[in-house]
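The values are calculated or read from the model by the stated rules, or taken from the named source; none is laboratory data. Worth saying up front: this structure is predicted, and the values here are computed from it rather than measured. Virtual Cβ from ideal backbone geometry, glycine too; neighbours counted across all protein chains shown.
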Amino acid sequence: MDKLILGIESSCDETAASVVLNGRTVLSNVISSQIDIHKKYGGVVPEIASRNHILNISQVIGGALSEAGKDFSDIDAIAVTYGPGLVGALLVGVSAAKAISVARGIPLVAVNHIHGHIAANYIEHPDLAPPFVCLVASGGHSHIVYVKDYMEFEILGRTRDDAAGEAFDKIARVLGLGYPGGPKVEKLSESGRCDAVSFPQVEFSDNCFDFSFSGVKTAVINHLHKLEQRGETYDKADIAASFQYAVVNVLTEHTIRAAKAKGTNKVVLAGGVSANGALRRSFDGAAKANGMELYYPRPILCTDNAAMIACAGYYKSLTGEFADGTLNAVPNLKL
């Protein structure tokens, strides 16, 4: 039986709503971004993000239904992000979803944001099915996940400090590039040499798949300070390219190694950092060299959106696991 899911996403600075059929067919995907608002502050200001979610949420949900040519009576379930993320921002989406659920008598599905990023690939690749190994890399997360089944996950590796996207944003600020940092570092890197400076790539002694990006971030900052103290000139593009190479290389190497350990030939990318061209090229080469299939979504499905939440919600709804009026935001939710 066909299922129409209304997805709602408000974990950070995008207010989004989407209507998805059977977890794979997107009928609408409306996103209201706050990038221009937060740009002047050099990053997301949680209180401002929450206020703007409140202003936008009703219009975005209405727009998603209108674009899909549907109304609430057509919706079989509402899927909403309840964590991880900014607590105030999450509460706006959760409150809206609960209100609609109660008022309209529509079942409510609580979705983990990280699960949503993984599920974006089901939309992009209708033939993709578990099991596979997925790298989820974004501003707040850096995970290697073994997806055993649609609702069965095993964390193989994670960052022990900063997320990859967080490191990109920090280096962008140090180089005076502004916000959002990831795309700006990538753009600048195109005219730089990735071998200009050798920045550290952390490998743990137990040969695990975990990441650490605080070291490379600090190394870049210290390198720049030394150059400035000596009065030496440097090429920002070389710094950006060398930093990006260090991060991309360790993400690729650990994920491919994890896939080998699990005996799967399917590798999947997800999250905002997976839109990075250098990362995709690195994985393309590594996947081909190891006889693996590589999957990743188009850029609009890499960043925060509600289509991925609706997709994840569809698969969770099939298990019969629904939320009720006690659902709350969980900012530090684990997968």
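Quick check, is residue 88 in contact with a Pro (Cβ under 6 Å, 6 or more places away or on another chain), more than 24 Å from residue 145 (Cα to Cα) and in the same structural domain as residue 308 (by TED's automatic domain parsing)? It is true that residue 88 is in contact with a Pro (Cβ under 6 Å, 6 or more places away or on another chain), more than 24 Å from residue 145 (Cα to Cα) and in the same structural domain as residue 308 (by TED's automatic domain parsing).
Per the listing 170, 148, the residue uniquely surrounded by fewer than 17 Cβ atoms within 10 Å (Cβ to Cβ) and among the basic types (Lys, Arg) is 148. Could you please find all residues in the stretch 305-335 being closer than 16 Å to residue 91 by Cα and acidic (Asp, Glu)? Matches in the stretch 305-335: 324 only. Residues in the stretch 182-194 that are in a loop (DSSP other than H, G, I, E, B) and farther than 20 Å from residue 214 by Cα: 190, 191, 192, 193. Restricting 205, 191 to those that are at pLDDT 95 or above and outside the structural domain of residue 86 (by TED's automatic domain parsing) reduces the list to 191.
Among the residues of the stretch 1-48, the ones that are in contact (Cβ under 8 Å) with a residue 40 or more places away in the chain, in contact with a strand residue (DSSP E or B) (Cβ under 8 Å, 6 or more places away or on another chain) and under 20 Å from residue 114 (Cα atoms) come to 20 in all. For the stretch 81-115, filtered to residues that are in contact with an Asp or Glu (Cβ under 8 Å, 6 or more places away or on another chain) and among the hydrophobic types (A, V, I, L, M, F, W, C), the residue that is surrounded by the fewest Cβ atoms within 10 Å (Cβ to Cβ) is 106.
Only a single criterion out of (1) more than 15 Å from residue 249 (Cα to Cα); (2) surrounded by fewer than 21 Cβ atoms within 10 Å (Cβ to Cβ) is not satisfied by residue 194, namely (1). There is no residue in the stretch 243-252 that is without any contact (Cβ under 8 Å) to a residue 24 or more places away in the chain, closer than 25 Å to residue 158 by Cβ and within 20 Å of the chain's Cα centre (by Cα).
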